[in-house]
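The values are calculated or read from the model by the stated rules, or taken from the named source; none is laboratory data. Keep in mind the model is a prediction, meaning the values are calculated, not measured. FYI the Cβ positions are ideal-geometry reconstructions off the backbone, even for glycines, and counts take in every protein chain you see.
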Amino acid sequence: MKKLSVALIGYGKMGKIIESICVERGHSIHCIIDKADDFITQSQLFSTVDVAIDFSLPEAVTDNIHNCFNMHIPVVVGTTGWHNQLPEITTLCIEKNGSLFYASNYSLGMNIVFRLNQQLAKMLKSTNYKISIKESHHIQKLDAPSGTAITLANDVIKNHEGFKKWEIGTDSKDGILPIEVQRIGEVNGVHEINAVSEEDTISLHHEAFSRKGFALGAVLAAEFLYDKKGVFSMDDLLKV
Ligand SMILES: NC(=O)c1ccc[n+]([C@@H]2O[C@H](COP(=O)([O-])OP(=O)(O)OC[C@H]3O[C@@H](n4cnc5c(N)ncnc54)[C@H](O)[C@@H]3O)[C@@H](O)[C@H]2O)c1
């Protein structure tokens with residue numbers, strides 16, 4: 001495996017764990033960008049890295065992605081709260097011959113749950129089960145619902161004709177998939193998909209014990225992306 005020279009964009013809780021996993025795997029952190037101005041003060045260092053990993057803020061991430069495309073640096077994005085802009089960013093990536101990897105959740109376990117959820121939604125489409133989603137995170141999380149809950153909801157909508165859109169809430173209304181959002185303490189991320197009939201309940205439950213699983217997934221994505229062009233997701237990394 002090639003030892004990569006990495007730029008960290010966002011040096012908060014996730015950035016620091018990603019740094020330690022990069023070092024464990026033999027990569028070096030060449031440049032740390034933790035505010036917009038750092039792109040200017042560190043531009044020389046930044047221009048020489050193999051790959052950048054962005055875990056910053058929803059309001060900063062699209063500018064950061066633009067900077068990476070302009071400097072021809074492949075970028076792995078973990079920041080959430082911007083995926084409604086994915087179509088424009090994908091077009092820009094192709095125009096600029098850039099390299100982008102994005103995922104609302106880099107944990108292997110959660111990506112297994114994504115696939116089980118798609119399957120469950122298909123199997124429930126001609127039944128009377130009422131489906132709902134619930135997510136809980138620590139109180140510092142800025143976006144709600146989580147990017148992961150939105151991915152789960154969109155996958156249900158794609159695979160189950162009974163739903164047209166999702167809404168934050170707990171009520172099951174016609175055509176609307178409810179997402180219940182909780183912000184409590186130090187919770188790293190709990191996601192549940194529940195399907196309830198008059199006879200029983202089916203549940204998929206995922207709980208991240210720490211942030212390490214997300215960080216490892218992002219570093220694996222950087223190892224995958226650094227020599228490729230185009231837009232990639234966990235489906236490409238996990239080859240499903
Ligand atoms: N995709 C996943 O698997 C996954 C997992 C965990 C967290 N996240 C997301 O990652 C993001 C970061 O999470 P966190 O817990 O590390 O947050 P955090 O608040 O601890 O860290 C964010 C960091 O970004 C820095 N920052 C601010 N403006 C910046 C800019 N313009 N350029 C670069 N950095 C800037 C801040 O100084 C801060 O250090 C959030 O959007 C979170 O939802 C994603």
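Given the criteria at pLDDT below 95 and either hydroxyl-bearing (Ser, Thr, Tyr) or part of a helix (DSSP H, G or I) (or both), does residue 90 qualify? When the stated conditions are applied, residue 90 does not pass them. For beta carbons closer than 7 Å, sequence separation of 6+ or different chains, a first residue in the range 208-232 that is of a type in the set (Ser, Thr, Tyr) and a second that is in a loop (DSSP other than H, G, I, E, B), the qualifying pairs are 210/188; 226/4; 226/50; 226/74.
Residue 142 falls short on exactly one of the conditions (1) modelled with pLDDT of 95 or more; (2) surrounded by fewer than 21 Cβ atoms within 10 Å (Cβ to Cβ); (3) more than 14 Å from residue 204 (Cα to Cα); (4) not small (Gly, Ala, Ser), and that condition is (1).
I'd like to verify a number: residues in the range 220-235 that are assigned to a helix (DSSP H, G or I) and farther than 22 Å from residue 191 by Cβ, how many?
Residues flagged as assigned to a helix (DSSP H, G or I) and farther than 22 Å from residue 191 by Cβ within the range 220-235 amount to 4.
Taking the range 107-143 as the search range and keeping residues that are among the aliphatic types (A, V, I, L, M) and within 10 Å of the ligand (Cβ to nearest atom), which one is farthest from residue 215 (Cα to Cα)? The selected residue is 142. Could you tell me whether residue 162 is in contact with a helix residue (DSSP H, G or I) (Cβ under 8 Å, 6 or more places away or on another chain) and surrounded by 14 or more Cβ atoms within 10 Å (Cβ to Cβ)? Judged against the criteria, residue 162 is not a match.
All of (1) on the phi < 0 side of the Ramachandran plot; (2) touching a Ser or Thr at 6+ places or on another chain (Cβ under 9 Å); (3) not aliphatic (A, V, I, L, M) hold for residue 199 with one exception: (2). Of the residues examined, residue 150 is not one that is assigned to a loop (DSSP other than H, G, I, E, B) and within 16 Å of the ligand (Cβ to nearest atom).
If I ask for residues that are more than 16 Å from the ligand (Cβ to nearest atom) and under 18 Å from the mean Cα position of the chain (by Cα), which ones from the range 156-192 would you list? Give the derivation first.
First, pick out the residues of the range 156-192 that are more than 16 Å from the ligand (Cβ to nearest atom): 156-178, 180, 192.
Listed by number, the residues that qualify are 156, 192.
Looking only at the range 30-74, residues that are more than 14 Å from the ligand (Cβ to nearest atom), within 21 Å of residue 217 (Cα to Cα) and either under 23 Å from the mean Cα position of the chain (by Cα) or of a type in the set (Asp, Glu) (or both) come to 4 in all.
Every residue, every condition in (1) touching a strand residue (DSSP E or B) at 6+ places or on another chain (Cβ under 6 Å); (2) surrounded by 21 or more Cβ atoms within 10 Å (Cβ to Cβ); (3) hydrophobic (A, V, I, L, M, F, W, C), yes or no:
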{"residue": "22", "(1), (2), (3)": "yes, yes, yes"}
{"residue": "26", "(1), (2), (3)": "no, no, no"}
{"residue": "41", "(1), (2), (3)": "no, no, no"}
{"residue": "44", "(1), (2), (3)": "no, no, no"}
{"residue": "54", "(1), (2), (3)": "yes, yes, no"}
{"residue": "60", "(1), (2), (3)": "no, no, yes"}
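Within the range 95-116, does at least one residue satisfy the condition of being in contact (Cβ under 8 Å) with a residue 60 or more places away in the chain, of a type in the set (Phe, Trp, Tyr) and touching a Phe, Trp or Tyr at 6+ places or on another chain (Cβ under 7 Å)? The answer is yes, given that some residue of the range 95-116 is in contact (Cβ under 8 Å) with a residue 60 or more places away in the chain, of a type in the set (Phe, Trp, Tyr) and touching a Phe, Trp or Tyr at 6+ places or on another chain (Cβ under 7 Å). Only one of the listed residues (101, 69) is in a strand (DSSP E or B) and of a type outside the set (D, E, K, R). That residue is 101. Determine whether residue 56 is in a helix (DSSP H, G or I), among the polar types (S, T, N, Q) and over 21 Å from residue 228 (Cβ atoms). Answer is no for this residue. The single condition from (1) part of a helix (DSSP H, G or I); (2) surrounded by 15 or more Cβ atoms within 10 Å (Cβ to Cβ) that residue 31 fails is (1).
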